[in-house]
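Novice: My structure is below; once you've seen it, I'll send some questions.
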Amino acid sequence: MTWILQNTFHHFSEKGLAEEDPRGSLTACQAALIRDYLNENLEAPIQLEDLSELANLSRFHFLRKFKNTFGQTPHAYLTQIRLGRAHSLLEKTDEKVMMIALECGYTQHSQFTQAFKRHYGYPPATLRKRLGRH
């Protein structure tokens, strides 16, 4: 029995209990760190280098692991988060569209409107009109 326990312990200590995902995904800790960072910094310009440094990976490895973890590129994921936040703010507040765009990382009204329309199929103003908020 002792031999079995010793060999089992030895096997796991050599392999490591937190063995890397064979798909090459980010660890749960890295994914949570990146997700939190993106959510807390939506209004700021976010560079790929910042994210890869945060995960302590090269740009190449970070991109591959991010896509394996989240199913899309960092840019697509960030756009989805930004537009989701914008949609929620448009529904729940009377804040001006441009102020919401700035809060969500868009510096130009036209850029925000185009991205919103491409993502949801209608512009922000249409959402506001549907809700009775102009």
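The values are calculated or read from the model by the stated rules, or taken from the named source; none is laboratory data. These numbers come from a predicted model, not from an experiment. A quick note on method: Cβ atoms are made from the backbone with ideal geometry, for glycine too, and the neighbour counts reach across all protein chains shown. The protein model used for the area step is the full one, side chains on, heavy atoms only, and it has no ligands, DNA or RNA in it. Shrake-Rupley method; radii C 1.70, N 1.55, O 1.52, S 1.80 Å.
Novice: Consider ARG35 carefully, then state whether it is in contact with a helix residue (DSSP H, G or I) (Cβ under 9 Å, 6 or more places away or on another chain), open to solvent by 60 Å² or more (accessible area, probe 1.4 Å) and assigned to a helix (DSSP H, G or I).
Specialist: Against the criterion (in contact with a helix residue (DSSP H, G or I) (Cβ under 9 Å, 6 or more places away or on another chain), open to solvent by 60 Å² or more (accessible area, probe 1.4 Å) and assigned to a helix (DSSP H, G or I)), ARG35 qualifies.
Novice: State yes or no: is SER58 more than 25 Å from MET99 (Cβ to Cβ), touching a Phe, Trp or Tyr at 6+ places or on another chain (Cβ under 6 Å) and not hydrophobic (A, V, I, L, M, F, W, C)?
Specialist: When the stated conditions are applied, SER58 does not pass them.
Novice: Would you mention how many residues in the stretch 110-134 are small (Gly, Ala, Ser) and touching a Leu at 6+ places or on another chain (Cβ under 7 Å)?
Specialist: Here the count works out to 1.
Novice: Now for a separate question. Select from the stretch 94-110 the residues that are in a helix (DSSP H, G or I) and either of a type in the set (Asp, Glu) or surrounded by fewer than 12 Cβ atoms within 10 Å (Cβ to Cβ) (or both) and list them in ascending order. Show your work before the answer.
Specialist: We begin by selecting, within the stretch 94-110, every residue in a helix (DSSP H, G or I); these are 97-103, 109-110.
Answer for the stretch 94-110, where residues must be in a helix (DSSP H, G or I) and either of a type in the set (Asp, Glu) or surrounded by fewer than 12 Cβ atoms within 10 Å (Cβ to Cβ) (or both): MET99, GLU103, SER110.
Novice: Could you list all residues from the stretch 53-93 that are surrounded by 18 or more Cβ atoms within 10 Å (Cβ to Cβ), among the small types (Gly, Ala, Ser) and either under 11 Å from the mean Cα position of the chain (by Cα) or within 17 Å of GLY105 (Cα to Cα) (or both)?
Specialist: Within the stretch 53-93, ALA86 is the sole residue that qualifies.
Novice: Kindly indicate whether GLU14 is in a loop (DSSP other than H, G, I, E, B), open to solvent by 100 Å² or more (accessible area, probe 1.4 Å) and at pLDDT below 95.
Specialist: No; evaluated as a whole, the condition is false for this residue.
Novice: Please go through the stretch 60-78 and pick out each residue that is over 27 Å from PHE112 (Cα atoms), touching a helix residue (DSSP H, G or I) at 6+ places or on another chain (Cβ under 9 Å) and among the charged types (D, E, K, R).
Specialist: LYS65 - this is the single residue of the stretch 60-78 that is over 27 Å from PHE112 (Cα atoms), touching a helix residue (DSSP H, G or I) at 6+ places or on another chain (Cβ under 9 Å) and among the charged types (D, E, K, R).
Novice: Any residue at all in the stretch 113-120 that is open to solvent by less than 30 Å² (accessible area, probe 1.4 Å), modelled with pLDDT of 95 or more and aliphatic (A, V, I, L, M)?
Specialist: The answer is yes; a qualifying residue exists.
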